[in-house]
1. Select from the stretch 35-48 the residues that are touching a residue at least 40 places away in the same chain (Cβ under 8 Å) and either aliphatic (A, V, I, L, M) or not in a helix (DSSP H, G or I) (or both) and list them in ascending order.
2. Is it the case that some residue within the stretch 55-67 is within 22 Å of Ile125 (Cα to Cα), touching a residue at least 24 places away in the same chain (Cβ under 8 Å) and of a type outside the set (Ser, Thr, Tyr)?
3. Can you pull out the residues in the stretch 1-22 that are farther than 18 Å from Val44 by Cβ, touching a strand residue (DSSP E or B) at 6+ places or on another chain (Cβ under 8 Å) and assigned to a loop (DSSP other than H, G, I, E, B)?
4. Return the residue satisfying two criteria in turn: it lies in the stretch 32-55 and is of a type in the set (D, E, K, R) and within 23 Å of Pro83 (Cβ to Cβ), and of such residues it is surrounded by the most Cβ atoms within 10 Å (Cβ to Cβ).
5. Test Asp109 against the stated conditions and say whether it is closer than 16 Å to Thr162 by Cα, charged (D, E, K, R) and in contact (Cβ under 8 Å) with a residue 24 or more places away in the chain.
6. Working carefully through the options Leu118, Leu79, find the one that is under 11 Å from Leu11 (Cα atoms) and aliphatic (A, V, I, L, M).
7. Check Asp89, Asp6 and return the single one that is surrounded by fewer than 19 Cβ atoms within 10 Å (Cβ to Cβ), of a type in the set (Asp, Glu) and touching a residue at least 24 places away in the same chain (Cβ under 8 Å).
8. Go through the stretch 127-154 and count every residue that is among the acidic types (Asp, Glu) and either modelled with pLDDT under 95 or part of a helix (DSSP H, G or I) (or both).
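The values are calculated or read from the model by the stated rules, or taken from the named source; none is laboratory data. Note that this is a predicted model, so its numbers are computed, not measured. Note that we place each Cβ from the backbone using ideal geometry, even for glycine, and neighbour counts take in every protein chain shown.
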Amino acid sequence: MAAAVDYFFSLASPYAYLGHAAFLQVAQRHGANVRFRPVRMLEVFAAGGGVPLGQRPLSRQRYRLLELQRWREARGLPLNLHPKHFPVDASLADRTVVALLHAGADPADYMLSVSRALWVDDADIADPQALAARLAAHGHDADHMLASAGADAVHAEYRANTEAAIAADLPGVPGYVSDGEAFWGQDRIAHLDDALRNGRTPFRAG
């Protein structure tokens with residue numbers, strides 16, 4: 001039976017952007033079923049003892065910039081270290097992904113375009129018009145998807161995804177959970193790749 005991987009993310013995360021294509025390539029190579037699960041990123045951080053970027057010690061803020069440059073180079077992707085619209089409330093953008101899933105659409109390309117809008121193009125992904133443009137560019141009914149993103153069922157799934165990420169002990173995003181084993185961060189994609197390849201028994205904490 002094909003493996004399944006829960007993909008927890010927020011479109012505001014630079015690391016979700018950097019790891020998006022690499023993760024999907026791994027999943028495709030192993031025939032894994034990807035379950036796209038956008039979350040409230042700050043709530044996941046808080047549950048794991050993390051704090052928003054501006055509240056972190058300056059040494060950690062500076063080190064983050066080094067890591068972003070390293071991974072930008074490693075992944076061969078453009079990334080603006082200081083985008084115009086960050087921090088940003090990505091809740092609407094995240095919920096449009098849920099709306100697309102409810103409509104039976106594959107959200108992967110749209111997700112990448114929204115992430116690029118923030119981290120490359122200096123767009124405001126909290127702006128419904130910015131999202132509408134990208135939905136339309138990927139062949140979706142933008143007005144319908146934006147309206148659907150406000151539905152009770154979409155809000156409920158967004159909350160449930162967040163609770164599931166916290167229950168999986170993910171300290172942040174992106175996170176990938178396969179057979180109950182959590183892999184936190186796009187720098188752990190290689191470990192996920194190994195686990196899917198060799199089919200080992202999932203590791204457990206404790």
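1. Of the stretch 35-48, the ones touching a residue at least 40 places away in the same chain (Cβ under 8 Å) are 36-41, 43-45, 47-48.
Those that are touching a residue at least 40 places away in the same chain (Cβ under 8 Å) and either aliphatic (A, V, I, L, M) or not in a helix (DSSP H, G or I) (or both): Phe36, Arg37, Pro38, Val39, Arg40, Met41, Val44, Ala47, Gly48.
2. Scanning the stretch 55-67 turns up no residue that is within 22 Å of Ile125 (Cα to Cα), touching a residue at least 24 places away in the same chain (Cβ under 8 Å) and of a type outside the set (Ser, Thr, Tyr).
3. Those that are farther than 18 Å from Val44 by Cβ, touching a strand residue (DSSP E or B) at 6+ places or on another chain (Cβ under 8 Å) and assigned to a loop (DSSP other than H, G, I, E, B): Ala2, Ala3.
4. Of the stretch 32-55, the ones of a type in the set (D, E, K, R) are 35, 37, 40, 43.
In the following step, the residues that additionally are within 23 Å of Pro83 (Cβ to Cβ) were identified as 40, 43.
Numbers: Arg40: 20, Glu43: 14.
By that ranking, first place goes to Arg40.
5. Values: closer than 16 Å to Thr162 by Cα: no; charged (D, E, K, R): yes; in contact (Cβ under 8 Å) with a residue 24 or more places away in the chain: yes.
No: the conditions fail for Asp109.
6. On the way: Leu79 fails: under 11 Å from Leu11 (Cα atoms).
Answer to the selection: Leu118.
7. Working: Asp6 fails: surrounded by fewer than 19 Cβ atoms within 10 Å (Cβ to Cβ).
It is Asp89.
8. Quick first cut of the stretch 127-154, residues among the acidic types (Asp, Glu) only: 127, 141, 143, 152.
Within this subset, residues satisfying the condition of being either modelled with pLDDT under 95 or part of a helix (DSSP H, G or I) (or both) are 143, 152.
Matching residues across the stretch 127-154 total 2.
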